[in-house]
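A quick write-up on the structure given underneath.
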Amino acid sequence: MTGMLVLAGTPIGDVSDAPPRLAEELATADVVAAEDTRRLRRLTQALGVQTTGRVVSYFEGNESARTPELVEALTGGARVLLVTDAGMPSVSDPGYRLVAACVEQDIKVTAVPGPSAVLTALALSGLPVDRFCFEGFLPRKAGERIGRLREVAAERRTLVYFEAPHRLDDTLAAMAEVFGADRRAAVCRELTKTYEEVKRGGLKALAEWAADGVRGEITVVVEGAPDTGPEQLDPAELVRRVQVREEAGERRKEAIAAVAADAGLPKREVFDAVVAAKNAAKGAVGGAARNTAGNSGGGAAGGAVKDTAKGPAGDRGPAGA
């Protein structure tokens with residue numbers, strides 16, 4: 001009989017926020033995998049709990065190597081508890097690889113819900129929380145950071161980031177550059193701790209504030225991009241998008257419908273743009289053919305061709321017209 005993996009949320013600041021089930025799991029697990037065994041020891045002391053199972057480290061540096069060992073324990077029937085320094089395992093913390101391996105091996109995975117810096121910051125931010133996306137930590141290199149921010153510059157949902165205090169001013173300045181100086185944001189510092197602080201304002205103003213130095217655990221919440229209405233696309237761009245979909249294998253009818261839906265336009269408008277482009281292309285080809293016919297053969301022969309075309313046979317005009 002296989003065991004069970006338990007992901008347990010730990011306090012993000014105030015230890016009294018620990019869920020009651022956490023103490024029970026710590027006391028009864030066969031194996032406790034901890035991101036930092038020293039922090040685990042302090043947590044168990046604060047909770048008045050004694051671990052009875054084997055304690056092993058499980059952090060970014062050994063996650064790949066340690067995962068097979070934990071899976072082996074689970075397949076042997078062990079109950080394995082995974083805890084990180086703060087918050088929920090797998091969310092910008094070790095855990096994803098182990099969960100994926102358990103899913104692949106059909107090993108049961110459950111959770112002990114606990115405090116979340118993401119949800120706590122969202123609730124305190126004063127920004128819309130009905131739709132949001134979590135972006136984790138941004139890249140450390142400036143160019144890569146700007147590139148990642150540009151990927152979500154038009155994102156309408158509220159954005160949530162984690163950031164190290166010594167990089168906060170650079171990150172906020174980059175956000176102001178990409179998102180706009182006045183885009184609203186909230187910097188949440190030391191959540192649930194003694195010196196908890198939430199600083200709200202425009203991104204440029206927050207970057208200037210952070211330039212003086214900030215300490216503690218940081219979560220940044222940024223307002224989503226404003227609604228600018230339907231995307232304004234010229235007919236040539238509509239045609240190009242239809243062509244891209246057709247080249248990918250879609251039928252023209254479906255491609256037109258999809259492009260219209262994405263742009264918030266009536267299907268007829270996209271259809272008319274495609275037809276106009278098709279007619280323009282035909283006209284260009286016809287014009288080229290007329291020029292070729294008019295210039296082929298020189299002197300009197302060329303004139304004879306043109307005169308014959310205008311004869312009494314019905315005034316057909318040039319061939320191809």
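Using just the alpha carbons, could you tell me how many Å³ per residue the convex hull of region 74-195 encloses?
153
Each residue of region 38-46 in turn: what ³J(HN,Hα) in whole Hz from Karplus with 6.51, -1.76, 1.60 and θ = phi - 60°, glycine and Pro shown as x?
5, 5, 4, 4, 5, 5, 5, 5, 5
About the Cα centre of the chain, how large is the charge dipole given +1 on each Lys and Arg Cβ and -1 on each Asp and Glu Cβ? Please answer in debye to the nearest 20.
Charge dipole, the chain, about its Cα centre: 1160 debye, nearest 20.
For the Cα atoms of the chain, what angle does the longest principal axis make with the long axis of helix 252-263, in degrees from 0 to 90, nearest 10?
Rounded to the nearest ten degrees, it is 60.
Under 1.5 on a/c is rounded, so check that first for region 76-130, then, if it is not, pick prolate when a/b is larger than b/c and oblate when it is not; a ≥ b ≥ c are the square roots of the alpha carbon gyration tensor eigenvalues.
Prolate, because a/c is 1.5 or more and a/b exceeds b/c.
Using heavy-atom solvent-accessible surface (probe 1.4 Å) with all chains present, what is the largest-first order of T158, T192?
T192, T158
Taking a probe of 1.4 angstrom, what is the accessible area of D106 in Å², to the nearest 10?
Per-residue accessible area (D106): approximately 130 Å².
Show D85, D17, D227 ordered by accessible area, largest first, where the area counts protein heavy atoms only and the probe is 1.4 Å.
D227, D17, D85
Net charge near E144: determine it from the other residues with C-beta under 12 Å of the C-beta of E144, scoring Lys and Arg +1 and Asp and Glu -1.
Value of the local net charge: +4.
Ranked from the most accessible area to the least, with a 1.4 Å probe and all protein chains present, what is the order of M175, M4?
M4, M175
Mind checking the per residue accessible area of the chain for me, 1.4 Å probe, whole number of Å²?
Normalised by residue count, the accessible surface of the chain is 57 Å².
What distance in nm lies between label points placed 7 Å from Cα along the C-beta direction at A225 and A281?
About 2.9 nm separates the two model spin labels.
Largest first and in whole Å, give the semi-axes of region 112-152's equivalent ellipsoid, each being the square root of 5 times a Cα gyration tensor eigenvalue.
Output for region 112-152: semi-axes of 25, 14, 9 Å.
Between beta-carbons, use under 15 Å as the cut-off and find the net charge around P165, counting Lys and Arg +1, Asp and Glu -1.
-2
Along the three principal axes, how long is the chain when you take its alpha carbons, biggest first, rounded to the nearest angstrom?
For the chain, the Cα spread along each principal axis is 110, 54, 33 Å.
Please give me the summed charge of the neighbours of P68: other residues whose Cβ is under 15 Å from its Cβ, Lys and Arg +1, Asp and Glu -1.
Around P68, the charge tally is -2.
Pairs of lysine in the chain with Cα under 29 Å and at least 8 positions apart or on different chains: total?
Close lysine pairs found across the chain: 11.
In terms of modelled amide H atoms, which long-range or inter-chain residues lie less than 5 Å from the amide H of V32?
Counting only residues 5 or more places away or on other chains, the set is R54, V55, V56, L81.
Computing the accessible area with a 1.4 Å probe over protein heavy atoms, can you report the carbon and sulfur percentage for the chain?
Within the chain, the accessible surface is 51 percent carbon and sulfur.
Can you give me the Cα centroid spacing of region 113-133 and region 148-209 in angstrom?
Taking the Cα centre of region 148-209 as reference, the centre of region 113-133 is 14 Å away.
The values are calculated or read from the model by the stated rules, or taken from the named source; none is laboratory data. Every value quoted in this text rests on a predicted model; they were computed, and no experiment measured them. With ideal geometry, Cβ positions are generated from the backbone for all residues, glycine too; neighbour counts draw on all protein chains shown. For the accessible areas, the whole protein counts, side chains as well, though only heavy atoms, and no ligand, DNA or RNA atoms are used. Shrake-Rupley method; radii C 1.70, N 1.55, O 1.52, S 1.80 Å.
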